[in-house]
Amino acid sequence: MIFFETLAVRESDLSPNKLYFRDDLRKIWLYQANCLELMDYLIAKYPLGKFDMIFADPPYFLSNGGISCQAGKMVIVNKGEWDKSRGAEINHEFNLEWLKRCQKLLNANGTLWVSGTHHVIHSVGYAMQQLDMKILNDITWEKPNPPPNLSCRYFTHATETLIWAAKNHKSKHIFNYADMRVENEGKQMKSVWRFLPPANAEKIFGKHPTQKPVKLLERCILASTNEGDLILDPFNGSATTGVAAILNNRQYVGIELDQDYLDVSIKRLNALDK
């Protein structure tokens, strides 16, 4: 449990916690807090659940000093201390802990989306099974023109996986099938989605190392929520989930520990009014 203790904040720092930004008109709330502790506070306040959808892009635990290619240059894979592996058992324990809290915070028919690479997604899927969540789909996000593999010892990494799960096996989850069929030119939408990485226009206020494209988040939101629904992202980053939520008339709560990313988030969300 040392890993969790190092992330802890003082109880006196919680609630109304570390509310960093609020926009009651557009229904946006951003918290600067450790997601585990803030979610505990929210669970105590809303024991029957509160959110219609949660999107989580947790640490992938891949900052190991390896190399990758970025903008045609070799770079060291080191996103920050938060992304370093503590070993398989502690990494899985962390995944289990934040997933437990997400499950409790979902409404009875709410759903959870989690994105990740092979470094984390198998642990997430197993933890969901341990919690008796109902896995609805695994989505393969295919990235056109991915960075080349510089070592030439592996296949080029060109995908990420998203797991879509319901709170439990009794949940009657929302799936806007007809809307997805229209988006897919009148055919059933498959579980392989092709999206470009975030465009430069999505990074004009700053970027996050694991930033997702807005279009990817919009599809998740439009598939599994209705207008006015409340969405949580416990790993807010630069608030791509929030941008997609506000663009589609949903409410948004984001949790992020890093002040710099919160400042980027606010700029992105405020720019939607212009």
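Those residues that are touching a residue at least 60 places away in the same chain (Cβ under 8 Å) and not small (Gly, Ala, Ser), I need them from the range 227-249; list them, please.
Listed by number, the residues that qualify are Asp229, Leu230, Ile231, Leu232, Asp233, Pro234, Phe235, Asn236, Thr241, Ile246.
Could we say that Leu232 is within 13 Å of the chain's Cα centre (by Cα), among the hydrophobic types (A, V, I, L, M, F, W, C), under 15 Å from Ala33 (Cβ atoms) and surrounded by 23 or more Cβ atoms within 10 Å (Cβ to Cβ) here?
yes
Between residues in the range 111-123 that are without any contact (Cβ under 8 Å) to a residue 24 or more places away in the chain and residues that are surrounded by 24 or more Cβ atoms within 10 Å (Cβ to Cβ), which pairs lie under 9 Å by C-beta distance while being six or more apart or on different chains?
Close Cβ pairs (under 9 Å, with a partner that is surrounded by 24 or more Cβ atoms within 10 Å (Cβ to Cβ)) amount to His122/Gly116.
Taking the residues in the range 238-274 that are assigned to a loop (DSSP other than H, G, I, E, B) and of a type in the set (A, V, I, L, M, F, W, C) as candidates, determine which candidate is farthest from Ala199 (Cα to Cα).
Leu257
Would it be correct to say that Leu99 is more than 23 Å from Trp193 (Cβ to Cβ), of a type outside the set (Asp, Glu), modelled with pLDDT of 95 or more and crowded, with 20+ Cβ neighbours inside 10 Å?
no
Determine, yes or no, whether Thr140 is touching a residue at least 60 places away in the same chain (Cβ under 8 Å), out of contact with any Gly (no Cβ under 9 Å at 6 or more places or on another chain) and among the β-branched types (Val, Ile, Thr).
Judged against the criteria, Thr140 is not a match.
Restricting to the range 114-131, name every residue that is part of a helix (DSSP H, G or I) and farther than 15 Å from Phe55 by Cα.
Across the range 114-131, the qualifying residues are His122, Ser123, Tyr126, Ala127, Gln129, Gln130.
I'm trying to understand the selection: among the residues of the range 89-113, which are more than 14 Å from Phe61 (Cβ to Cβ) and either of a type in the set (Phe, Trp, Tyr) or part of a strand (DSSP E or B) (or both)?
Within the range 89-113, Leu106, Asn107, Ala108, Asn109, Gly110, Thr111, Leu112, Trp113 meet the criteria.
State the number of residues belonging to the range 167-226 that are surrounded by fewer than 14 Cβ atoms within 10 Å (Cβ to Cβ), touching a Phe, Trp or Tyr at 6+ places or on another chain (Cβ under 9 Å) and either acidic (Asp, Glu) or not in a loop (DSSP other than H, G, I, E, B) (or both).
2
The values are calculated or read from the model by the stated rules, or taken from the named source; none is laboratory data. Keep in mind the model is a prediction, meaning the values are calculated, not measured. Because the Cβ atoms are built from the backbone with ideal geometry, glycine has one as well, and the counts that use them run over all protein chains shown.
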